[in-house]
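Written out below as structure tokens is the structure these notes cover.
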Amino acid sequence: MRSWTDTLRFAFQPVVNLATGGVAGLEILARPEGGDVLAQARRDPELDGRLAVLAVRAAARKETMLPLHVNVFAGTLADLGGLVPLHGAVREAGRLPWEVTLDVVPPYTHVPQPALLEALAALRGQGFRISADGVGDGDVPLRLLVDIAPDLVKLDASLLARPSAVRAMRTLCDELGALLVVEGVETELQCATALSAGAQWAQGALFAPPSRLPAADVYMPSLSPGFVSATRSGPSVREFVRPAALLPATASAGQVRALLTGSPDVSGVLLVDRSGVPVRSVHRSRFLLSMSGRYGHALYADRPAAKLGDPPRTVGVDATAWGVLDVVADGDRDRTSDDVAVVDHDGRCVGVVRLADLVRALAESRVEEAAGLNPLTRLPGSDAITGEVDRRIAAGWAFALSWLDVDHFKQVNDGAGFAAGDELIRSVGRALQIATSGNARVGHIGGDDFLVLADPEGLDPLAVSVLDAPWSAGGLPVTLSLATVLCRPGSVTDHRQAAAFLAPLKKAAKSLRGASWVVGQAGLAGYEIRRGSQPMAAGTGAVGAEPGVG
């Protein structure tokens, strides 16, 4: 009598790193040829656990070295209290637990959350990585998602029609230390939307459909990496992680040679201890050169490969691309082409990054940044500021958006000359940069107009530094006007609405005499005058001004 396992097949779909275009892992998908085994597995935890074991064994038969993504229902984990047989299957396949990501699949309704969290904690303690699957189309509660603290969050492609939701999820992922993945990407437009909204990985038919054989190559559209930050902190190293070729620290040189000759795309091998901590790094070219020399194979084949390796260069998962470059720069020049191992908080290897990927991405970000800089002040334009405004809105942060300009600038240019006017603009731009700190941003949006995005508590030092300075152009005294709108979480929906609230405050500030500063709150009528005085013809006081302010 034939068993249901006789008609069960597995397909493999690549998970693609959008920053590098490389395959970050393979999701193993069960494909029963008869009966609805998956529906049964949803109701039968033992069956679901067995499917996970069979998935790992199927991957072992394909001899793929890529990290694996194995689907398991949330209810299965809560009911079984972990997956002991899966750990055994991973060990038998010659894989390490941290090379396997468990995609926790909905539904979550009626799943005992304490039991689920306990099971996930046990699996994470064994080294498995955890992914929250089906987010956006499933029923995972947001509170539970935070409690799970997954390594990856997989979003349904339907959310790409709502990019603000994807951006908000990216912010949450950054807080949780997770990578954001979009599933079901089928078109180049969806890929571009996912990338611009902050997704770091993706999978779908656009890159490669599920296949009986693991895909070595995937299609990657030529897209500009607009999500790469232009700040000195740089993009996170997580965005560039590639799968690592790992072998035990006791591996022989012959085993390493067999791995390298059978995998031409592998640039090096990391030798790890039993906990997954890198102990030696074997560079492909240097190793093969040693082995191919006279008597090389006879001398080294049966000896420990560690003797032909170097101390590993490592960075933490929280490092930035610039941090990796610092590690490379501080090392031996002969090792600039070596992969850098990325390790988690326990020192275990989660992948490698290649210098070429980082240099390319950082160079592209610098080109894009330079194209958007104002040629006079070398400050970014409005797009950079408004994009950051939208990110803060999506994150639910309070912020202050300010507009600043020079009073009667045309008269300054006419009286002192355009050269003196240009020098004044440059000086104001430099002063704004010096006065801002932390995550504040300054933009020059043209002429004598500047935008400043800052935390509300940073406003007073900014005003004192800029408004109280003795400005002049060609010997003529000059004053500045500042208008600020305070935006509480939920008070604005996007940068356009914030700008709309700021516009009347700008007009009010320009109506005052001397250096002026007007502050209002998004969605509330009136404003407060913190600097400047009303012209005589305008009467006394200010609309909505606090008592004693004027």
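What to note about this one:
- Here the Karplus relation 6.51 cos²θ - 1.76 cosθ + 1.60, evaluated at θ = phi - 60°, turns the backbone of segment 269-282 into coupling constants of 10, 9, 8, 10, 7, 5, 8, x, 7, x, 10, 8, 10, 10 Hz, with x for every Gly and Pro.
- Cβ charges +1 (Lys, Arg) and -1 (Asp, Glu), total dipole of segment 128-167, debye: 180 debye
- Size of segment 246-360 as Cα extents on the principal axes (Å, biggest first): 42, 30, 23
- Calculated FRET value between residue 422 and residue 176, using beta carbons and R₀ = 45 Å, to 0.05: 0.45
- Whole-Hz ³J(HN,Hα) from phi, Karplus 6.51 cos²θ - 1.76 cosθ + 1.60, for segment 144-157, glycine and proline x: 5, 4, 5, 5, 5, 6, x, 7, 9, 10, 9, 9, 6, 4
- You can think of it this way: the chain between residue 334 and residue 252 has 27.1 nm of extra reach, that is 0.36 nm per residue less the Cα-Cα gap.
- Proximal charge balance of residue 22 [Cβ under 13 Å; K/R count +1, D/E count -1]: -2
- Net charge over other residues, Cβ less than 11 angstrom from the Cβ of residue 308 (K, R count +1; D, E count -1): +4
- Counting 0.36 nm for each residue step from residue 500 to residue 217 and taking away their Cα separation leaves a gain of 97.1 nm.
- Magnitude of the charge dipole for segment 246-360, about its Cα centre and with charges confined to Cβ atoms of Lys, Arg (+1) and Asp, Glu (-1), is about 520 debye.
- Summary of packing: across the peptides 481-488, 241-248, the per-residue average of other C-beta atoms within 10 Å ranks them, highest first, as 481-488, 241-248.
- Look at 151, 334 and count the other Cβ atoms within 10 Å of each Cβ; fewest to most, that gives 334, 151.
- Amide N of segment 422-466 lying under 17 Å from the label point, which is placed 7 angstrom from the Cα of residue 488 along Cα→Cβ: 456-457
- Each peptide among 113-124, 59-70 gets the average number of other Cβ atoms lying within 10 Å of its residues, and from highest to lowest they stand as 59-70, 113-124.
- Using C-alpha pairs below 8 Å separated by at least 6 residues, the relative contact order for the chain is 9 percent.
- Scaled radius of gyration (Cα, divided by 2.2 N^0.38 Å) that segment 4-221 gives: 0.96
- The calculated FRET efficiency for residue 33 paired with residue 457, based on their beta-carbon distance and R0 = 51 Å, is about 0.20.
- Normalising the average separation of contacting C-alpha pairs (under 8 angstrom, six or more residues apart) by the number of residues puts the relative contact order of segment 392-496 at 46 percent.
- Placing R0 at 25 angstrom, the Cβ-Cβ distance between residue 122 and residue 43 gives a FRET efficiency of 0.60 after rounding to 0.05.
- Modelled this way, with points 7 Å down the Cα-to-C-beta line, the labels at residue 9 and residue 465 are 6.5 nm from one another.
- Segment residue 84-residue 158, extension gain: residue separation times 0.36 nm, minus the distance between their alpha carbons: 23.2 nm
- Dipole-positive endmost among 319, 305, 352 within segment 246-360 (Cβ charges, Cα centre): 305
- Cβ charges +1 (Lys, Arg) and -1 (Asp, Glu), total dipole of segment 1-135, debye: 280 debye
- Summing charges over all other residues whose Cβ lies under 14 Å from the Cβ of residue 153, with Lys and Arg as +1 and Asp and Glu as -1, gives -4.
- Rounded, prolate or oblate (a/c below 1.5 giving rounded, otherwise prolate when a/b exceeds b/c) for segment 59-163 by Cα gyration tensor: oblate
Read-outs: derived from the displayed coordinates by stated rules, not from any lab. Keep in mind it's a predicted model, so treat the numbers as computed, not measured. For neighbour counting, all protein chains shown are included, and Cβ atoms are generated from backbone atoms with ideal geometry for every residue, glycine included.
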